[in-house]
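This report refers to the structure that appears directly beneath it.
The values are calculated or read from the model by the stated rules, or taken from the named source; none is laboratory data. This structure is a prediction, so every number in the text was calculated from the model and none was measured. When we count neighbours, we look across all protein chains shown, and the Cβ atoms used for this are built from the backbone with ideal geometry, even at glycine. Heavy atoms of the whole protein, side chains included, go into the accessibility calculation; ligands, DNA and RNA do not. Shrake-Rupley method; radii C 1.70, N 1.55, O 1.52, S 1.80 Å.
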Amino acid sequence: MNNKIARFLADNAPATPCLVVDLDVVGQAYDVLTRYLSVANVYYAVKANPAPEIVTMLAQRGSNFDVASLGEIELCLGNGATPDRISFGNTIKKERDIAYAYAAGVRLFAFDSEPELQKLARVAPGARVFCRILVSCEGAEWPLSRKFGCDPAMAVDLLAKARDLGLDPYGVSFHVGSQQTDLGQWDKAIGVVARMFTLLAETDINLRMVNIGGGFPAQYRGKISNVAQYAQAVTDALTKHFGNQLPDVIVEPGRSLVGDSGVIQSEVILISDKGDGADKRWVYLDVGKFNGLAETMDESIRYRIEAPARQGAPRPVIIAGPTCDSADILYEKTEYRLPGDLQVGDKVEILSTGAYTASYASVGFNGFPPLRTYCI
Ligand SMILES: *Cc1c(COP(=O)(O)O)cnc(C)c1O
């Protein structure tokens, strides 16, 4: 936890649980990414953290925005973005929402199926469209496969069809899966995209854009490569497959821009055992799967957790949330240790929680309010 967040927590003692986001850290992450991946235009994936302060700050820095809904479009337009800087990247949209976005001036849309393409043709004539292809997502800690994208051969047919329908077939997108730890995944996907460019050029359709999605990591428990290494892998892959004629490149970071900027402070509600002789104690926090830590589902995302007030020897624990749903266990299989002298009422800090936490919190399951965010 950095000094700025520590000082905020010490000075204000906000009610827990809460998420504190350091906007300077988000700004730095944006600057570092644009420095190393200078070939790409950044479209911040708003769903990662839709705090208006984050959108405002990134808009001022020149970021574009990847949105999934009318709510996110309005959020961006209301906080400094212009419609030409918005990509409606969800492949699953209501036709009336496409029409609304088009009326608001949005001209860039994703699709991955013929029925969605037909909707776009009907209510967003002439818009730039890109087709999302399926990729395996191997190596990703939070995969996004299966639900999105279509086979590249189908995507080629659909992009040809897009032109016939009066749309502008702009390019191809993919997402290698979130928190992707294998840098080779971008090379594979970009190779597939380059072959699609070649195939379509034969029918005189000249695609101009490759959207490499998100997937860059935040610093959870595992070791990760740094942004420079990710950017290098992507740049090398683009050069290898496209040579000197690089297309427009879009990158849609969510997790890597905001993840490391946030700390959730929570409080220990109960420490207990089950009387079954197991050596693992249960530690129940006031934050859980339903008020911010949804990505602990299947123990996929393994946050760093600290109890700074205690120095006792670490003991193995099962960590659970406060609700009356038995799914609200954060870590049971994954080994976690907390100080043996941990007490009820102690503060526990969950690090790198700036992404996919507040935006995933339920509106009030069991009467627990959604996670409060402080942007400082
Ligand atoms: C969620 C999402 C992203 C962000 O992915 P991260 O792995 O968080 O960077 C990017 N693009 C699309 C289309 C998304 O749905």
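Table for the structure above
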item: Residue ID - farthest from the ligand (Cβ to nearest atom), chosen from residues in segment 84-110 that are among the small types (Gly, Ala, Ser) and closer than 17 Å to SER173 by Cα; result: SER87
item: Segment 197-214, subset touching a helix residue (DSSP H, G or I) at 6+ places or on another chain (Cβ under 7 Å) and open to solvent by less than 60 Å² (accessible area, probe 1.4 Å), residue nearest to the ligand (Cβ to nearest atom); result: GLY214
item: Residue under evaluation TYR100, criteria (1) over 18 Å from VAL123 (Cβ atoms); (2) part of a helix (DSSP H, G or I); (3) not polar (S, T, N, Q), criterion not met; result: (1)
item: Whichever residue in segment 244-263 is part of a loop (DSSP other than H, G, I, E, B) and within 9 Å of the ligand (Cβ to nearest atom) and, among such residues, is most open to solvent (accessible area, probe 1.4 Å); result: GLU252
item: Qualifying residues in segment 324-360 (those that are more than 15 Å from VAL283 (Cβ to Cβ) and of a type in the set (S, T, N, Q)) - the one surrounded by the fewest Cβ atoms within 10 Å (Cβ to Cβ); result: SER326
item: Candidate set: segment 180-196, residues that are of a type outside the set (A, V, I, L, M) and within 14 Å of the ligand (Cβ to nearest atom); chosen: the one surrounded by the most Cβ atoms within 10 Å (Cβ to Cβ); result: GLN180
item: LEU144 being over 28 Å from GLN229 (Cβ atoms) and either among the basic types (Lys, Arg) or surrounded by fewer than 22 Cβ atoms within 10 Å (Cβ to Cβ) (or both); result: no
item: Tabulated pairs, segment 107-124, first in contact (Cβ under 8 Å) with a residue 60 or more places away in the chain, second open to solvent by 10 Å² or more (accessible area, probe 1.4 Å), C-beta under 8 angstrom, 6+ apart or interchain; result: LEU108/ARG128; LEU108/TYR170; ALA110/GLY89; ALA110/ASN90; ALA110/ARG132
item: Of all residues in segment 264-279 being in contact with a Ser or Thr (Cβ under 8 Å, 6 or more places away or on another chain) and open to solvent by 10 Å² or more (accessible area, probe 1.4 Å), the one that is nearest to the ligand (Cβ to nearest atom); result: GLN265
item: Test: residue in segment 309-316 that is within 21 Å of ALA218 (Cβ to Cβ) and either more than 24 Å from the chain's Cα centre (by Cα) or hydroxyl-bearing (Ser, Thr, Tyr) (or both); result: no
item: Selection within segment 13-37 - of a type in the set (Ser, Thr, Tyr) and in a helix (DSSP H, G or I); result: TYR30, THR34, TYR36
item: Sole residue being more than 22 Å from LYS274 (Cα to Cα) and small (Gly, Ala, Ser), chosen from GLY345, GLY364; result: GLY364
item: Pairs with Cβ under 7 Å, 6+ apart, first in segment 215-232 and surrounded by 13 or more Cβ atoms within 10 Å (Cβ to Cβ), second β-branched (Val, Ile, Thr); result: GLY215/VAL176; PHE216/VAL227; PRO217/THR181; PRO217/ILE224; TYR220/ILE301; ILE224/THR181; VAL227/VAL32
item: Criterion: surrounded by fewer than 20 Cβ atoms within 10 Å (Cβ to Cβ), within 16 Å of the ligand (Cβ to nearest atom), assigned by TED's automatic domain parsing to the domain that holds ASN211 and acidic (Asp, Glu) - qualifying residue of GLU74, GLU138; result: GLU138
item: Count - residues of segment 206-232 that are of a type in the set (D, E, K, R) and in contact with a Gly (Cβ under 7 Å, 6 or more places away or on another chain); result: 1
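Yes/no per residue for (1) touching a residue at least 24 places away in the same chain (Cβ under 8 Å); (2) open to solvent by less than 40 Å² (accessible area, probe 1.4 Å); (3) within 15 Å of the ligand (Cβ to nearest atom):
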| site | (1), (2), (3) |
| --- | --- |
| VAL42 | yes, yes, yes |
| LYS47 | yes, no, yes |
| ILE54 | yes, yes, yes |
| MET57 | yes, yes, no |
| SER69 | yes, no, yes |
| THR82 | no, no, no |
